[in-house]
Structures are given as structure tokens and as C-alpha cells.
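The values are calculated or read from the model by the stated rules, or taken from the named source; none is laboratory data. All values derive from a computational prediction rather than experimental measurement. Reconstructed Cβ throughout: ideal geometry from the backbone, glycine too, with neighbour counts over all protein chains shown.
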Amino acid sequence: MERQAIAPDSCYAHAVQITVQLPDDLAQLPDPGREALVSLAVEGYRSGVLSHYQSGQLLGLSRFEFEGLLKQRSIREYAYDADDLEEDRKTLDSLQAKGLLRLYAVALHYEVGERQADAESGVS
């Protein structure tokens, strides 16, 4: 395994590169490396080894994009549910009471704007 510095906008200072040998039938998939990474992230999340956030980060996806990937693959047992919504509502109420909700909304607006600008310019 080899440690490498990663993108400055990541919350991690270094990444580990792992090489995996795939059987011929799996190597014939359109993007075998991505499929292997998705499988690793999803199984890590299902087993509890990785959090929802960590799985999304591994794939370069936001929380909602990772949730969409789970639904797309019919993985519903870990889907966002009413309890999650209630927990998020309480968190938002707490942030609003502390005056932090506005800061989060500004940061989220900036992130969404950056993604839209990237999409419009063809950057992925």
C-alpha cells in the first residue's frame, strides 16, 4: 500500500492506494474499478465498518448522492427513515437556537453553487 497526498478540499490529509486483482469475468464490466469501490463502500456501510459519511466520501458522493446510490441498488434496509428525519429536525432546531443554522445554509448554498457551476462548465 502506498500513501499519497490527496485533494486539498478533502478532510483527509493522505489516502492509501490499494491494488486489487479481479477475475476475468468481473474485469469485463464497463468500469470494474468503480464497481469494486462501490461494492466496498456499500458493504462497509451495511456491516457498520464504515459510516454513511465515510462511504460517501470513499465514492466522492454527498450524503444525498450516496443515499440515492443505495436506493438505486435497492438497498432499503439502511434508507433514510422517519427516525432519521426526526433526528435531523432536532439537530436543525439546536443549530438554529445556537445561531449556527445561517452559517450552515451559506456553506451549503456555496457548495450547491459550485456543483452547478462545475456541471455547467463540464467539470466532473
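Checked against (1) at pLDDT 70 or above; (2) in contact with a Leu (Cβ under 8 Å, 6 or more places away or on another chain), Leu101 meets all criteria but (1). Scanning the stretch 17-69 for residues that are among the β-branched types (Val, Ile, Thr) and over 13 Å from the mean Cα position of the chain (by Cα) yields Ile18, Thr19, Val20, Val49. Residues that are farther than 16 Å from Leu69 by Cβ and of a type outside the set (A, V, I, L, M, F, W, C) were ranked within the stretch 34-51; the one that is modelled with the lowest pLDDT is Gly48.
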